[in-house]
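Reviewing the structure listed below.
The values are calculated or read from the model by the stated rules, or taken from the named source; none is laboratory data. Note that the coordinates shown come from a computational prediction; the quantities given were computed from them, not determined experimentally. Every residue, glycine as well, gets a Cβ built from its backbone with ideal geometry; the counts of neighbours run over all protein chains shown. Note: areas computed on protein heavy atoms with side chains; ligands, DNA, RNA excluded. Shrake-Rupley method; radii C 1.70, N 1.55, O 1.52, S 1.80 Å.
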Amino acid sequence: MKVVIQRVKEASVSVEDKLVSSIGAGLLVLLGIEVGDSDEDFDYILKKTLQLRIFDDDQGVMNLDVRQIEGEILLISQFTLLAATKKGNRPSYIQAARPEVSEPLYERMAEALSDGLGKPVQRGIFGADMQVSLVNDGPVTIVIDSRQR
């Protein structure tokens, strides 16, 4: 499982020019689910996302997590995070889990993040052609791969 986590001042997702979800300050989380991802991968990504200390404290030091700032989360499924690019110029997505596996895990992650955050997590539409807008704060962008622990 891979995530790209961006600290944002605001973020939104639209489908067919219609706003689907939006958040204020918090995290935009792009989630890629890989063939063979386990409960351990899931738990690792969940914990890291909720506990990542990338928000400034009173001293201007990145020392607070999303819960401590009462931030929001926008979760977007993104199979392209699993792109293999070693050969040629056309990425291969063979390592991305099939939708029948990845969609339930995506939904489960959204619910688990909501439980951990203590409020609903906003999300995109699984499998849709989405347009994601954000104001990256910092910029702060973190990449986490559960298989690179």
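Considering only 68, 83, 116, the residue lying farthest towards the positive end of the dipole of the chain is 83, judged by Cα position with unit charges set on Cβ. Tell me which of 104, 36, 12 sits at the most positive position along the dipole axis of the stretch 1-118, charges placed on C-beta atoms (Lys, Arg +1; Asp, Glu -1). My answer, from the dipole projection, is 36. Within the stretch 53-90, the trypsin sites (Lys or Arg not before Pro) that combine a DSSP coil assignment with at most 11 other C-beta atoms in a 10 angstrom radius are 86, 87. Per-residue 3J(HN,Hα) values for the stretch 37-51, derived from phi via the Karplus relation 6.51 cos²θ - 1.76 cosθ + 1.60 with θ = phi - 60°, read 4, 10, 4, 5, 4, 4, 4, 4, 5, 4, 4, 4, 4, 6, 9 Hz in sequence order (x marks Gly and Pro).
GNM remark for the chain: springs join alpha carbons under 10 Å apart, and the peak mean-square fluctuation among 115, 58, 41 falls on 58.
With contributions of -39500 (n - 2.57) from each DSSP H run of at least four residues, the per-residue ellipticity at 222 nm computed over the chain stands at -7000 deg cm²/dmol.
Where the only charges are on Cβ atoms (+1 Lys, Arg; -1 Asp, Glu), what is the dipole of the chain about its Cα centre, to the nearest 20 debye?
Dipole of the chain, to the nearest 20 debye: 560 debye.
Rounded, prolate or oblate: which one fits the stretch 1-51, using the alpha carbon gyration tensor with axes a ≥ b ≥ c (rounded when a/c is under 1.5, else prolate when a/b beats b/c, else oblate)? Note, shape of the stretch 1-51 comes out oblate. For the stretch 76-149, chymotrypsin sites (Phe, Trp or Tyr not before Pro) meeting the loop criterion (DSSP other than H, G, I, E, B) and having at most 14 other Cβ atoms within 10 Å: 93.
Measuring against 31 Å, Cα to Cα, the residue pairs 48/86; 9/87; 47/87; 9/47 contain 9/87; 47/87 as the ones spanning a longer distance. Here the spin labels are modelled as points 7 Å beyond Cα on the Cα-Cβ line, and at residue 18 and residue 108 they lie 3.0 nm apart. The distance separating the Cα centre of the stretch 66-84 from that of the stretch 86-147 comes to 6 Å. Between residue 63 and residue 83, the simple label model (points 7 Å from Cα in the Cβ direction) yields a spacing of 3.9 nm. Once both labels are positioned 7 Å from their Cα atoms along Cα-to-Cβ, the gap between residue 94 and residue 38 label points is 2.3 nm.
Per residue, the accessible area of the stretch 72-121 comes to 63 Å² when a 1.4 Å probe rolls over the protein heavy atoms.
Here the accessible area is traced with a 1.4 Å probe on the protein chains. For the stretch 61-149, carbon and sulfur cover 51 percent of it. For the listed peptides 133-143, 30-40, a ranking on the average number of other beta carbons within 10 Å per residue, highest first, reads 30-40, 133-143.
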